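Novice: Here's a structure for you.
The values are calculated or read from the model by the stated rules, or taken from the named source; none is laboratory data. Please read all numbers here as calculations on a predicted model, not as lab measurements. Cβ atoms come from the backbone with ideal geometry, glycine included; neighbour counts cover every protein chain shown. Surface accessibility is based on the protein's heavy atoms, side chains included, excluding ligands, DNA and RNA. Shrake-Rupley method; radii C 1.70, N 1.55, O 1.52, S 1.80 Å.
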Amino acid sequence: MSSQEKLSILSQAARAEIDHWLTKYPPEQKRSALLPALHIVQDENGGWLSPELIEGVAHYLGIPPVAAYEVATFYSMYDLQPVGRNKVKVCTSISCMLRGADELLAYMESHLGIKAGETTPDGRITLKKAECLAACGGAPAVMINRNYHENITPEKANELLDDLE
Ligand code: FES
């Protein structure tokens, strides 16, 4: 892919938003904008990052593509495959596990008819296991798109899942 092609894969709007983040860091620290830049591009792309988009972000920030790949593949908040319209992440780390997260996840899997890591056939929900969501005080915790939900019971999970379009 040529330099121009790598750049043009990012929309004008995404580049403007990334530029806004870049103003927060010294010019030689463009790498600091990598996490928000990947979020911006992922959101614009229906919730997932293709290899071309990851490389486009790296190119735009002037960093090696491998640095962007490392971040995109390390954090579970980035998806590298197409996802459903809503992402539901169930924390299964220790505090949530002790408060029934495994049972909650099993319940959600059976309610939706999919396993963690899968998307419902209608494209409505992608269900994922997550590492600690930093909401341990409200275990078990679930993140739906960008929103946190705490002390989730199967009944609450039903309501939350059924509300998603
Ligand atoms: S262990 Fe679940 S939010 Fe921290």
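Novice: Count the DSSP beta bridges whose two residues both fall in the chain, then state the antiparallel fraction as a percent rounded to the nearest 5. Intermediate values should be presented prior to the final figure.
Specialist: Working: 7 of 13 bridges.
Bridges in the chain that DSSP calls antiparallel: roughly 55 percent.
Novice: For the charge dipole of the stretch 44-131, defined by +1 on Lys and Arg C-beta atoms and -1 on Asp and Glu C-beta atoms about the Cα centroid, which residue among Val57, Gly117, Thr73 has the Cα displaced farthest towards the positive pole?
Specialist: Value: Gly117.
Novice: Let me ask another. Using 0.36 nm times the number of residues separating Glu150 and Lys24, minus their current alpha carbon distance, what extension gain do you get? Numbers along the way, then the final one.
Specialist: Values: separation 126, 0.36 × 126 = 45.36 nm, distance 3.20 nm.
Difference between extended and current length: 42.2 nm.
Novice: Continuing with the same structure: Could you compute the net charge surrounding Met143? Neighbours are other residues with a C-beta less than 12 Å from the C-beta of Met143; K and R count +1, D and E count -1.
Specialist: Its environment carries a net charge of +3.
Novice: Using the Karplus curve 6.51 cos²θ - 1.76 cosθ + 1.60 with θ = phi - 60°, work out ³J(HN,Hα) for each residue of the stretch 29-38 in order, rounded to whole Hz, and write x for Gly and Pro.
Specialist: So the J values, rounded to whole Hz, are 10, 4, 4, 4, 8, 4, 4, x, 5, 5.
Novice: Lys pairs in the chain, Cα-Cα under 27 Å, at least 8 apart or on separate chains: how many?
Specialist: The result is 15.
Novice: Say we join alpha carbon atoms closer than 10 Å with springs in a Gaussian network model of the chain; which of Lys24, Lys128, Lys89 then has the biggest fluctuation?
Specialist: Lys24
Novice: Give, rounded to the nearest 20 debye, the magnitude of the charge dipole that the chain has about its Cα centre when Lys and Arg contribute +1 at Cβ and Asp and Glu contribute -1 at Cβ. Spell out each step's value before the answer.
Specialist: Details: 15 positive and 22 negative charges, 73 e Å.
Its charge dipole is roughly 360 debye.
Novice: Rounded to the nearest 10 degrees, what's the angle between the helix 101-112 long axis and the longest principal axis of the chain, both from Cα atoms, 0 to 90?
Specialist: 90 degrees
Novice: With springs connecting C-alpha atoms under 10 Å apart, model the chain as a Gaussian network and identify which of Pro27, Pro82, Pro140 has the largest mean-square fluctuation.
Specialist: Residue with maximal mean-square fluctuation among Pro27, Pro82, Pro140: Pro27.
Novice: Which residues' amide hydrogens lie under 5 Å from the amide hydrogen of Asn86, considering only partners 5 or more residues apart or on another chain, with H built in the peptide plane?
Specialist: Close amide H contacts, sequence-distant or interchain: Ile125, Thr126.
Novice: Sticking with this structure for a sec: For the stretch 86-163, with every protein chain kept in place, what is the accessible area per residue (1.4 Å probe, Å²)?
Specialist: 51 Å²
Novice: Dividing the alpha-carbon Rg of the stretch 3-74 by 2.2 N^0.38 Å yields what?
Specialist: Details: Rg = 10.8 Å, N = 72, 2.2 N^0.38 = 11.2 Å.
The stretch 3-74 yields a ratio of 0.97.
Novice: For the chain, would you read off the P(r) tail past 28 Å as a percentage of all alpha carbon pairs?
Specialist: Cα-Cα pairs of the chain separated by over 28 Å account for 31 percent.
Novice: Still on this structure, please answer the following. Normalised by the residues of the stretch 61-165, what does the relative contact order come to in percent, with Cα pairs under 8 Å and at least six apart?
Specialist: Value for the stretch 61-165: 30 percent.
Novice: Return the unpartnered cysteines for the chain, using a Cβ-Cβ cut-off of under 4.7 Å.
Specialist: Cys132, Cys136
Novice: Let me ask something additional. Based on DSSP H runs of at least 4 residues, each adding -39500 (n - 2.57), what is the mean residue ellipticity at 222 nm of the chain after dividing by all its residues, to the nearest 500 deg cm²/dmol? Don't skip to the answer; put the middle values down first.
Specialist: Working: 8 runs with 76 residues, N = 165.
Rounded to the nearest 500, it is -13500 deg cm²/dmol.
Novice: Amide H to amide H, which residues 5 or more places from Ala130 or on other chains are under 5 Å from it, using H placed in the peptide plane?
Specialist: Those lying under 5 Å, H to H, from Ala130 are Val90, Cys91, Thr92.
Novice: Round to a whole number: what % of the accessible area of the chain belongs to carbon and sulfur, probe 1.4 Å?
Specialist: Roughly 53 percent of what the probe reaches on the chain is carbon or sulfur.
Novice: Can you tell me which of Ala68, Ala141, Ala16 moves the most in a GNM of the chain? Springs connect C-alpha atoms under 10 Å apart.
Specialist: For the chain, modelled as a Gaussian network with Cα springs under 10 Å, the answer is Ala16.
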